[in-house]
1. Among the residues of region 302-314 satisfying the criterion of being of a type in the set (A, V, I, L, M) and in a helix (DSSP H, G or I), which is surrounded by the most Cβ atoms within 10 Å (Cβ to Cβ)?
2. Need the failing condition index for residue 60 against (1) near the ligand (Cβ under 8 Å from one of its atoms); (2) modelled with pLDDT under 90; (3) touching an Asp or Glu at 6+ places or on another chain (Cβ under 6 Å), just the number.
3. Answer yes or no: is there a residue in region 159-170 that is at pLDDT below 95 and assigned to a helix (DSSP H, G or I).
4. Taking residue 84 as the residue in question, decide whether it is within 13 Å of the ligand (Cβ to nearest atom) and not acidic (Asp, Glu).
5. So residue 40 clears everything in (1) within 8 Å of the ligand (Cβ to nearest atom); (2) crowded, with 24+ Cβ neighbours inside 10 Å except one condition, right? Which one?
6. How about region 8-37: which of its residues are more than 10 Å from the chain's Cα centre (by Cα), within 14 Å of the ligand (Cβ to nearest atom) and of a type in the set (Ser, Thr, Tyr)?
7. Can you say whether residue 186 is surrounded by fewer than 22 Cβ atoms within 10 Å (Cβ to Cβ) and in the same structural domain as residue 30 (by TED's automatic domain parsing), as far as the supplied structure shows?
8. Quick check on region 155-164. Is at least one of its residues more than 16 Å from the ligand (Cβ to nearest atom) and more than 19 Å from the chain's Cα centre (by Cα)?
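The values are calculated or read from the model by the stated rules, or taken from the named source; none is laboratory data. As the structure is a computational prediction, the values presented were derived from the model and not from experiment. When we count neighbours, we look across all protein chains shown, and the Cβ atoms used for this are built from the backbone with ideal geometry, even at glycine.
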Amino acid sequence: MKIQCTILTGYLGSGKTTFLNSVLRSPELQNTAILINEFGDVGIDQDLVAIDDDDILILEGGCICCEYRGNLAGKIKQITDSYSPERIIIETSGVANPIPVFETFSTIPGLKDHVHCSCVVTVVDSVFGLKNIDSSIEGKLQIASADHIVISKTDMPEGKANLQELSERIRTLNQFANCHLFVNDEVPAALIPRLVNPDGTHLLDHSLPHIGDTAHTHEITFESTGIEFDGCLSLSVVQEWIDDFLTAFAPYTLRLKGLLNLQDNSDMAVLQVVRDIVSPITYVEDDHGNRKNRIVVITCDIHPDLVREELNRLAESIRNSKFSDKDPMLHISRTMF
Ligand SMILES: Nc1nc2c(ncn2[C@@H]2O[C@H](COP(=O)(O)OP(=O)(O)OP(=O)(O)O)[C@@H](O)[C@H]2O)c(=O)[nH]1
(Lines give C-alpha, C1' and ligand atoms only; values in the text may rest on other atoms or scores of the structure.)
Protein backbone atom coordinates (compact mmCIF):
# COMPACT_ATOMS: atom_id res chain seq x y z
CA MET A 1 0.00 0.00 0.00
CA LYS A 2 1.24 3.47 -0.86
CA ILE A 3 2.26 5.93 1.83
CA GLN A 4 -0.10 8.90 1.93
CA CYS A 5 1.50 12.30 1.77
CA THR A 6 -0.06 15.59 2.81
CA ILE A 7 1.41 18.95 1.85
CA LEU A 8 0.92 21.45 4.66
CA THR A 9 1.43 24.96 3.39
CA GLY A 10 0.51 28.55 4.27
CA TYR A 11 2.18 31.93 4.28
CA LEU A 12 4.98 32.98 6.65
CA GLY A 13 3.81 32.79 10.27
CA SER A 14 0.28 31.71 9.36
CA GLY A 15 0.31 28.90 11.94
CA LYS A 16 1.50 25.77 10.10
CA THR A 17 3.68 24.45 12.92
CA THR A 18 1.03 25.22 15.54
CA PHE A 19 -1.57 23.36 13.48
CA LEU A 20 0.83 20.47 12.84
CA ASN A 21 1.49 20.05 16.56
CA SER A 22 -2.25 19.90 17.26
CA VAL A 23 -2.86 17.38 14.51
CA LEU A 24 0.00 15.16 15.66
CA ARG A 25 -1.64 14.76 19.05
CA SER A 26 -4.52 12.85 17.42
CA PRO A 27 -4.19 9.10 18.04
CA GLU A 28 -5.30 8.47 14.45
CA LEU A 29 -2.22 10.26 13.16
CA GLN A 30 0.42 8.30 14.97
CA ASN A 31 2.96 6.68 12.68
CA THR A 32 3.40 9.91 10.74
CA ALA A 33 6.76 11.14 9.48
CA ILE A 34 7.36 14.86 9.11
CA LEU A 35 9.44 16.60 6.48
CA ILE A 36 10.06 20.27 7.18
CA ASN A 37 11.34 22.74 4.60
CA GLU A 38 12.77 25.77 6.32
CA PHE A 39 13.59 29.00 4.60
CA GLY A 40 17.17 29.96 5.41
CA ASP A 41 20.18 28.28 6.95
CA VAL A 42 19.33 28.66 10.62
CA GLY A 43 16.72 26.01 11.43
CA ILE A 44 14.21 26.56 14.22
CA ASP A 45 11.08 24.62 13.30
CA GLN A 46 12.42 21.16 14.06
CA ASP A 47 12.66 22.18 17.72
CA LEU A 48 9.09 23.44 17.75
CA VAL A 49 7.42 20.30 16.39
CA ALA A 50 6.38 18.02 19.22
CA ILE A 51 7.40 14.66 17.79
CA ASP A 52 10.41 12.35 18.19
CA ASP A 53 13.45 13.75 16.38
CA ASP A 54 13.76 10.43 14.53
CA ASP A 55 10.43 11.09 12.82
CA ILE A 56 11.44 14.50 11.48
CA LEU A 57 13.58 15.20 8.46
CA ILE A 58 14.68 18.67 7.55
CA LEU A 59 15.04 20.11 4.09
CA GLU A 60 16.72 23.39 4.90
CA GLY A 61 18.61 26.16 3.23
CA GLY A 62 16.46 26.39 0.13
CA CYS A 63 12.96 26.65 -1.15
CA ILE A 64 11.16 23.36 -1.65
CA CYS A 65 9.33 24.59 -4.75
CA CYS A 66 12.47 25.62 -6.65
CA GLU A 67 15.84 23.95 -6.86
CA TYR A 68 15.23 21.73 -3.85
CA ARG A 69 12.63 19.52 -5.51
CA GLY A 70 15.27 16.87 -6.28
CA ASN A 71 16.26 16.88 -2.62
CA LEU A 72 12.61 16.41 -1.71
CA ALA A 73 12.48 13.12 -3.62
CA GLY A 74 15.74 12.05 -1.93
CA LYS A 75 14.43 12.85 1.54
CA ILE A 76 11.20 10.95 0.90
CA LYS A 77 13.19 7.96 -0.24
CA GLN A 78 15.26 8.27 2.95
CA ILE A 79 12.02 8.11 4.97
CA THR A 80 10.57 5.17 3.08
CA ASP A 81 13.89 3.26 3.15
CA SER A 82 14.46 3.70 6.88
CA TYR A 83 11.00 2.92 8.17
CA SER A 84 7.41 2.65 7.02
CA PRO A 85 5.23 5.47 8.22
CA GLU A 86 1.59 5.33 7.21
CA ARG A 87 1.78 8.91 6.11
CA ILE A 88 4.17 11.78 5.57
CA ILE A 89 3.29 15.40 6.23
CA ILE A 90 5.47 17.92 4.41
CA GLU A 91 5.47 21.35 6.02
CA THR A 92 6.60 23.72 3.29
CA SER A 93 8.30 27.01 3.97
CA GLY A 94 5.95 29.97 4.13
CA VAL A 95 7.10 31.26 0.75
CA ALA A 96 6.62 28.01 -1.15
CA ASN A 97 4.35 27.47 -4.10
CA PRO A 98 2.82 24.04 -3.36
CA ILE A 99 1.98 23.21 -6.97
CA PRO A 100 5.48 22.15 -8.12
CA VAL A 101 5.86 20.24 -4.85
CA PHE A 102 2.65 18.34 -5.60
CA GLU A 103 3.77 17.69 -9.16
CA THR A 104 7.06 16.21 -7.95
CA PHE A 105 5.08 13.17 -6.83
CA SER A 106 3.87 12.33 -10.31
CA THR A 107 7.01 13.29 -12.21
CA ILE A 108 9.91 11.75 -10.29
CA PRO A 109 10.39 8.12 -11.29
CA GLY A 110 10.20 5.71 -8.38
CA LEU A 111 8.45 8.15 -6.09
CA LYS A 112 4.94 7.72 -7.46
CA ASP A 113 5.12 3.94 -7.03
CA HIS A 114 5.53 4.26 -3.27
CA VAL A 115 3.98 7.54 -2.24
CA HIS A 116 0.63 9.10 -3.09
CA CYS A 117 0.29 12.82 -2.52
CA SER A 118 -3.24 12.83 -1.19
CA CYS A 119 -4.01 16.36 -0.17
CA VAL A 120 -2.90 19.95 0.21
CA VAL A 121 -3.82 21.68 3.47
CA THR A 122 -3.30 25.45 3.53
CA VAL A 123 -3.27 27.47 6.73
CA VAL A 124 -4.54 31.02 6.18
CA ASP A 125 -3.86 33.64 8.83
CA SER A 126 -7.06 35.54 9.61
CA VAL A 127 -5.05 38.52 10.89
CA PHE A 128 -2.71 38.96 7.92
CA GLY A 129 -4.34 36.72 5.28
CA LEU A 130 -5.80 39.55 3.20
CA LYS A 131 -2.45 41.35 3.19
CA ASN A 132 -0.65 38.13 2.25
CA ILE A 133 -3.04 37.45 -0.64
CA ASP A 134 -2.75 41.01 -1.94
CA SER A 135 1.01 41.22 -1.69
CA SER A 136 2.21 37.87 -2.99
CA ILE A 137 1.59 35.30 -5.67
CA GLU A 138 2.67 32.59 -3.21
CA GLY A 139 -0.17 33.57 -0.87
CA LYS A 140 -2.69 33.23 -3.72
CA LEU A 141 -1.31 29.95 -5.05
CA GLN A 142 -1.25 28.37 -1.59
CA ILE A 143 -4.98 29.05 -1.27
CA ALA A 144 -5.84 28.18 -4.86
CA SER A 145 -4.21 24.76 -4.65
CA ALA A 146 -5.73 23.70 -1.30
CA ASP A 147 -8.09 20.79 -0.73
CA HIS A 148 -8.56 21.99 2.82
CA ILE A 149 -8.16 25.52 4.12
CA VAL A 150 -7.56 26.06 7.80
CA ILE A 151 -8.20 29.63 8.93
CA SER A 152 -6.05 30.37 11.97
CA LYS A 153 -5.99 33.02 14.72
CA THR A 154 -9.74 33.61 14.76
CA ASP A 155 -9.41 34.04 18.54
CA MET A 156 -7.63 37.35 17.90
CA PRO A 157 -9.92 40.39 17.53
CA GLU A 158 -8.17 41.49 14.29
CA GLY A 159 -8.69 37.99 12.92
CA LYS A 160 -12.36 37.89 13.86
CA ALA A 161 -12.93 41.27 12.25
CA ASN A 162 -11.40 40.08 8.95
CA LEU A 163 -13.17 36.75 8.79
CA GLN A 164 -16.07 37.67 6.50
CA GLU A 165 -13.94 39.52 3.95
CA LEU A 166 -11.21 36.90 4.09
CA SER A 167 -13.69 34.06 3.50
CA GLU A 168 -15.02 35.87 0.43
CA ARG A 169 -11.50 36.38 -0.94
CA ILE A 170 -10.69 32.73 -0.33
CA ARG A 171 -13.78 31.73 -2.32
CA THR A 172 -12.71 33.86 -5.29
CA LEU A 173 -9.42 31.93 -5.35
CA ASN A 174 -10.76 28.48 -4.56
CA GLN A 175 -14.42 27.46 -4.68
CA PHE A 176 -13.88 23.82 -3.90
CA ALA A 177 -11.76 23.58 -0.77
CA ASN A 178 -13.30 22.71 2.56
CA CYS A 179 -12.78 25.54 5.04
CA HIS A 180 -12.13 24.90 8.73
CA LEU A 181 -11.57 27.35 11.56
CA PHE A 182 -8.54 26.72 13.74
CA VAL A 183 -7.89 28.33 17.09
CA ASN A 184 -4.54 27.57 18.64
CA ASP A 185 -4.68 24.03 19.97
CA GLU A 186 -8.11 22.95 18.78
CA VAL A 187 -7.89 20.61 15.82
CA PRO A 188 -10.83 21.01 13.45
CA ALA A 189 -12.54 17.67 14.15
CA ALA A 190 -13.88 17.27 10.60
CA LEU A 191 -10.37 17.45 9.18
CA ILE A 192 -8.75 14.51 10.96
CA PRO A 193 -10.73 11.75 9.17
CA ARG A 194 -9.93 13.44 5.84
CA LEU A 195 -6.23 13.34 6.67
CA VAL A 196 -6.41 9.73 7.81
CA ASN A 197 -8.46 8.49 4.85
CA PRO A 198 -8.16 10.92 1.98
CA ASP A 199 -10.81 10.16 -0.64
CA GLY A 200 -8.23 9.92 -3.42
CA THR A 201 -9.45 12.79 -5.55
CA HIS A 202 -7.48 15.95 -5.52
CA LEU A 203 -8.24 19.45 -6.65
CA LEU A 204 -4.92 19.65 -8.47
CA ASP A 205 -5.71 16.43 -10.38
CA HIS A 206 -8.52 18.27 -12.11
CA SER A 207 -7.67 21.91 -12.54
CA LEU A 208 -4.64 24.03 -12.01
CA PRO A 209 -5.55 27.48 -10.82
CA HIS A 210 -4.75 30.22 -13.32
CA ILE A 211 -2.86 32.62 -11.14
CA GLY A 212 0.42 33.70 -12.62
CA ASP A 213 3.15 31.18 -13.27
CA THR A 214 2.26 28.03 -11.41
CA ALA A 215 5.58 26.40 -12.32
CA HIS A 216 7.48 28.68 -10.09
CA THR A 217 7.94 32.37 -9.40
CA HIS A 218 8.87 34.43 -6.41
CA GLU A 219 7.63 37.90 -7.31
CA ILE A 220 9.05 39.32 -4.14
CA THR A 221 12.69 38.83 -3.24
CA PHE A 222 12.59 37.27 0.19
CA GLU A 223 15.74 37.50 2.27
CA SER A 224 16.45 35.18 5.16
CA THR A 225 19.11 36.35 7.60
CA GLY A 226 20.07 34.06 10.45
CA ILE A 227 22.42 34.17 13.40
CA GLU A 228 23.67 31.65 15.96
CA PHE A 229 25.54 32.73 19.06
CA ASP A 230 26.49 31.52 22.51
CA GLY A 231 25.76 33.21 25.80
CA CYS A 232 22.91 33.98 28.14
CA LEU A 233 20.45 36.83 27.60
CA SER A 234 18.13 38.64 29.97
CA LEU A 235 14.46 38.95 29.05
CA SER A 236 14.60 42.74 29.36
CA VAL A 237 17.50 42.95 26.87
CA VAL A 238 15.53 40.82 24.42
CA GLN A 239 12.38 42.89 24.89
CA GLU A 240 14.26 46.14 24.34
CA TRP A 241 15.99 44.70 21.30
CA ILE A 242 12.79 43.46 19.68
CA ASP A 243 11.13 46.86 20.28
CA ASP A 244 14.07 48.63 18.61
CA PHE A 245 14.14 46.09 15.79
CA LEU A 246 10.45 46.53 14.96
CA THR A 247 10.62 50.30 15.29
CA ALA A 248 13.25 50.28 12.56
CA PHE A 249 12.25 47.31 10.43
CA ALA A 250 8.55 46.45 10.93
CA PRO A 251 7.54 47.53 7.39
CA TYR A 252 10.09 45.07 5.93
CA THR A 253 9.72 42.21 8.38
CA LEU A 254 7.52 39.29 7.39
CA ARG A 255 8.69 36.85 10.03
CA LEU A 256 11.15 36.61 12.90
CA LYS A 257 11.61 33.59 15.08
CA GLY A 258 14.21 32.58 17.56
CA LEU A 259 15.29 30.15 20.24
CA LEU A 260 16.99 32.02 23.04
CA ASN A 261 19.00 31.05 26.08
CA LEU A 262 17.43 33.24 28.75
CA GLN A 263 18.83 33.52 32.26
CA ASP A 264 17.14 31.49 35.01
CA ASN A 265 15.46 29.04 32.65
CA SER A 266 16.68 25.61 31.73
CA ASP A 267 14.43 25.54 28.66
CA MET A 268 14.92 27.62 25.53
CA ALA A 269 12.67 30.66 25.05
CA VAL A 270 10.75 30.77 21.76
CA LEU A 271 10.54 34.23 20.23
CA GLN A 272 7.78 34.51 17.61
CA VAL A 273 7.05 37.59 15.52
CA VAL A 274 4.72 37.72 12.53
CA ARG A 275 5.04 41.08 10.74
CA ASP A 276 4.71 43.48 13.72
CA ILE A 277 2.91 41.17 16.14
CA VAL A 278 5.07 39.68 18.89
CA SER A 279 3.62 36.56 20.56
CA PRO A 280 4.11 35.92 24.27
CA ILE A 281 7.32 33.98 24.97
CA THR A 282 6.90 30.22 25.31
CA TYR A 283 9.54 27.63 26.24
CA VAL A 284 10.77 24.38 24.71
CA GLU A 285 13.36 21.86 25.84
CA ASP A 286 16.89 22.41 24.61
CA ASP A 287 17.06 19.44 22.26
CA HIS A 288 20.66 20.05 21.27
CA GLY A 289 21.95 20.57 24.80
CA ASN A 290 24.24 23.40 23.67
CA ARG A 291 21.97 26.33 24.61
CA LYS A 292 22.91 28.16 21.42
CA ASN A 293 20.82 31.21 20.61
CA ARG A 294 19.36 31.08 17.13
CA ILE A 295 17.37 33.76 15.33
CA VAL A 296 16.10 33.91 11.76
CA VAL A 297 14.47 36.94 10.14
CA ILE A 298 12.66 36.93 6.81
CA THR A 299 12.44 40.33 5.19
CA CYS A 300 11.77 41.94 1.84
CA ASP A 301 12.69 45.31 0.33
CA ILE A 302 15.56 45.99 2.70
CA HIS A 303 19.28 45.40 2.45
CA PRO A 304 20.11 42.35 4.58
CA ASP A 305 23.27 44.02 5.91
CA LEU A 306 21.04 46.29 7.98
CA VAL A 307 19.22 43.30 9.45
CA ARG A 308 22.52 41.55 10.08
CA GLU A 309 23.83 44.57 11.96
CA GLU A 310 20.81 44.49 14.27
CA LEU A 311 21.19 40.75 14.91
CA ASN A 312 24.85 41.38 15.65
CA ARG A 313 23.92 44.06 18.15
CA LEU A 314 21.88 41.58 20.20
CA ALA A 315 24.69 39.03 20.15
CA GLU A 316 27.21 41.70 21.09
CA SER A 317 25.08 42.81 24.05
CA ILE A 318 26.08 39.56 25.76
CA ARG A 319 29.68 40.72 25.84
CA ASN A 320 28.71 43.58 28.14
CA SER A 321 26.23 41.62 30.17
CA LYS A 322 26.80 40.35 33.67
CA PHE A 323 25.23 37.04 32.57
CA SER A 324 27.97 36.39 30.06
CA ASP A 325 30.34 33.56 30.82
CA LYS A 326 32.05 33.68 27.46
CA ASP A 327 32.38 35.80 24.36
CA PRO A 328 29.63 35.35 21.84
CA MET A 329 30.57 33.00 19.01
CA LEU A 330 28.88 34.30 15.92
CA HIS A 331 27.73 32.50 12.86
CA ILE A 332 25.73 34.67 10.52
CA SER A 333 24.14 33.34 7.38
CA ARG A 334 22.07 34.76 4.61
CA THR A 335 19.85 33.18 1.99
CA MET A 336 18.04 34.94 -0.82
CA PHE A 337 15.15 33.67 -2.92
N1 LIG B 1 -3.66 33.55 18.92
C2 LIG B 1 -3.30 32.63 18.05
N3 LIG B 1 -2.00 32.52 17.71
C4 LIG B 1 -1.66 31.57 16.80
C5 LIG B 1 -2.59 30.69 16.22
N6 LIG B 1 -1.95 29.88 15.35
C7 LIG B 1 -0.65 30.25 15.41
N8 LIG B 1 -0.46 31.26 16.28
C9 LIG B 1 0.79 31.96 16.62
O10 LIG B 1 1.36 32.50 15.43
C11 LIG B 1 2.79 32.45 15.48
C12 LIG B 1 3.30 31.72 14.24
O13 LIG B 1 2.83 30.38 14.30
P14 LIG B 1 3.61 29.17 13.60
O15 LIG B 1 2.79 27.96 13.83
O16 LIG B 1 5.03 29.15 14.03
O17 LIG B 1 3.52 29.65 12.09
P18 LIG B 1 4.22 28.95 10.80
O19 LIG B 1 3.28 29.10 9.68
O20 LIG B 1 4.66 27.58 11.14
O21 LIG B 1 5.48 29.90 10.63
P22 LIG B 1 6.65 29.75 9.53
O23 LIG B 1 6.98 28.30 9.42
O24 LIG B 1 7.77 30.56 10.07
O25 LIG B 1 6.14 30.30 8.24
C26 LIG B 1 3.14 31.74 16.78
O27 LIG B 1 3.44 32.69 17.77
C28 LIG B 1 1.85 30.99 17.15
O29 LIG B 1 1.70 30.81 18.54
C30 LIG B 1 -3.99 30.83 16.60
O31 LIG B 1 -4.90 30.13 16.13
N32 LIG B 1 -4.26 31.80 17.51
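1. Here the answer is 307.
2. Result: residue 60 fails condition (1) only.
3. Looking for residues that are at pLDDT below 95 and assigned to a helix (DSSP H, G or I), one finds none in region 159-170, hence no.
4. On the way: within 13 Å of the ligand (Cβ to nearest atom): no; not acidic (Asp, Glu): yes.
Spelling it out, it is not the case that residue 84 is within 13 Å of the ligand (Cβ to nearest atom) and not acidic (Asp, Glu).
5. For residue 40, the failing item is (1).
6. Hit for region 8-37 is 22, nothing else.
7. Working: surrounded by fewer than 22 Cβ atoms within 10 Å (Cβ to Cβ): yes; in the same structural domain as residue 30 (by TED's automatic domain parsing): yes.
Here the answer is yes, as residue 186 does meet what is asked.
8. yes
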